[in-house]
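This report concerns only the one structure given below.
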Amino acid sequence: MDTIIDAIRNTTNFYKNIDGSDKLDDKGNKIPKPPLKDSTIKSYSSTLNKIKEVIENNDEKEYNFEDLSWLNSVNSVIKIFKDLNLSDTTLKNYYNVIVVVLKSLNAERDVQLINRYSYLRDQLNKSYQKEQKTGIISDKQAPNFITKELYEQYIDHIEKLPDTLSNLTLLSILKLYQFLPTRNELAELKTISKEYFNLMDEDKRRKSNWAVFTDKNITLVIYNYKNDKVYGVYKEKLPKSLVKIINKMVEKKDEMFPDSDNSLFVNSRGTPLTKNSLSQLLIRSSEEYFKDTEDIKGRISTTMIRKIYASDLSAEKNEQQQKLAQKMKHSVDTQNLVYVKKPKPT
C-alpha cells in the first residue's frame with residue numbers, strides 16, 4: 001500500500017475541459033492541478049482497502065497491493081459490485097479510485113484497462129448529473145430522505161436521552177450539522193484555546209480544522225474541506241445553546257478519557273472519530289430511531305442532511321421560479337441575471 005500511496009502522491013494531475021481534453025495555458029502547456037491533500041490520499045487508500053475486501057470476500061484467494069492483477073478482470077469486478085447492490089455514488093467512487101491508482105502506477109501499460117474503468121465511472125457521473133437536473137429525489141434515496149421537521153424531532157429524541165458521552169457526542173454532531181450542514185470534515189475537529197490558537201504559526205494552523213474555545217464561546221475555524229482552494233478558510237461562531245451542549249460533552253470526555261488527545265469528538269474507546277466513523281455513527285443511530293416508521297429507513301448521512309436543509313429552503317422556490325420562467329419564455333439563468341433584482345438599500 002505504501003508504494004501505491006507514494007505513486008498517487010507523486011502523480012501530477014492536469015485540469016481538463018468539459019470534453020475531456022487538457023486545459024492549456026497561453027503557451028500551450030497543460031495546466032497542472034495542485035498536489036493532492038493528505039486527507040484525499042488517505043481517503044483513496046481507505047477506499048482501495050474496501051474494494052480489495054469486497055473482491056476478496058467473493059473469492060477464497062488472498063489479494064495484495066503488490067500485484068493488482070485482481071483488477072484486470074473488469075467483468076468480474078462489475079458482477080461483484082452489482083451483486084452487492086451498491087449505490088451509484090459508491091460505485092462511482094470505487095471506479096474513480098481504481099482509475100486513480102492504475103494511472104499513478106503504470107498508465108502506459110494499463111491504458112486499455114484504465115479506459116474501461118474510466119468509462120464506467122463517467123457513465124455513472126453522467127447518470128448522476130442527469131438525475132440531479134430533475135430536482136426530484138432518486139428512488140434509492142427516497143426512503144432516507146426526510147423533512148427538516150422529522151430531523152428536528154429526531155434531535156429532540158436524542159436530547160431527552162441520558163447524558164452519556166455517546167449520547168452527548170451524537171447530539172452535538174446532529175445539532176452542529178443543523179447549524180452548519182457541511183461535509184464530514186467536522187469529524188476531525190481539534191480543540192484549542194483562543195490564546196494558544198493566536199500564538200500558533202499559520203502553517204501549523206492550516207494542517208487541521210479547529211474548535212477554538214474561550215470561556216464563553218466556541219468558534220470553528222475550517223481550513224481543510226472539499227472546496228477550500230476556491231473559498232478559503234471560513235469561521236463560524238457557534239450559538240450559545242450549542243456551545244452549552246458541546247461543553248457538557250467535552251467535560252464528560254475529559255472525565256472518562258483524561259489522557260485523550262485534543263480531538264473534539266471521540267468514540268467509546270476514547271480514540272478520535274474519523275470521517276468514516278462519523279458517517280457510520282449517524283447512519284446507525286438514525287436507522288435505529290426510524291426503524292418502526294413506515295416507508296422511512298432513515299439512513300441519514302452528512303450528504304442527506306445537506307439535502308434536507310437545502311431542499312427545505314429552496315425546493316419550492318426553485319419549482320415556482322421554473323414555472324414562471326416557462327411562462328416568461330426564457331431560462332431560469334436569464335431570469336436570475338436580468339429580471340430578479342433587489343431594491344436599493346435605503
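The values are calculated or read from the model by the stated rules, or taken from the named source; none is laboratory data. Not measured: the values here are computed from a predicted model. Cβ coordinates were reconstructed from backbone atoms using ideal geometry, including for glycine residues, and neighbour counts include every protein chain displayed. The accessibility values were calculated without ligands, DNA or RNA, using every heavy atom of the protein model including side chains. Shrake-Rupley method; radii C 1.70, N 1.55, O 1.52, S 1.80 Å.
Tabulated values for the structure
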quantity	calculated
Close pairs from region 321-338: first exposed (fewer than 14 other Cβ atoms within 10 Å of the Cβ) and among the hydroxyl-bearing types (Ser, Thr, Tyr), partner at pLDDT 75 or above and part of a helix (DSSP H, G or I), Cβ under 7 Å, at least 6 apart	331/325
Residue 215 vs. criteria surrounded by 14 or more Cβ atoms within 10 Å (Cβ to Cβ), charged (D, E, K, R) and over 19 Å from residue 276 (Cα atoms)	no
Matching residues in region 15-32 - criterion: being charged (D, E, K, R), open to solvent by 100 Å² or more (accessible area, probe 1.4 Å) and either modelled with pLDDT of 90 or more or not in a strand (DSSP E or B) (or both)	19, 26, 27
Residues satisfying the stated conditions in region 262-288, i.e. buried (at least 17 other Cβ atoms within 10 Å of the Cβ) and not polar (S, T, N, Q)	264, 265, 266, 272, 273, 275, 278, 281, 282, 283
Check on residue 150, farther than 25 Å from residue 45 by Cα and either touching a Phe, Trp or Tyr at 6+ places or on another chain (Cβ under 9 Å) or modelled with pLDDT of 75 or more (or both)	yes
Some residue of region 302-318 being in contact (Cβ under 8 Å) with a residue 40 or more places away in the chain, in contact with a Leu (Cβ under 8 Å, 6 or more places away or on another chain) and more than 23 Å from residue 152 (Cα to Cα)	no
Condition met for residue 277 (part of a helix (DSSP H, G or I) and of a type in the set (Gly, Ala, Ser))	yes
Test for residue 112: is it polar (S, T, N, Q), modelled with pLDDT under 90 and over 21 Å from residue 76 (Cα atoms)	no
Those residues of region 218-261 which are surrounded by 15 or more Cβ atoms within 10 Å (Cβ to Cβ), among the charged types (D, E, K, R) and farther than 24 Å from residue 280 by Cα, in sequence order	228
Scope region 285-301; condition without any contact (Cβ under 8 Å) to a residue 12 or more places away in the chain, under 18 Å from residue 170 (Cβ atoms) and of a type in the set (S, T, N, Q); matching residues	none
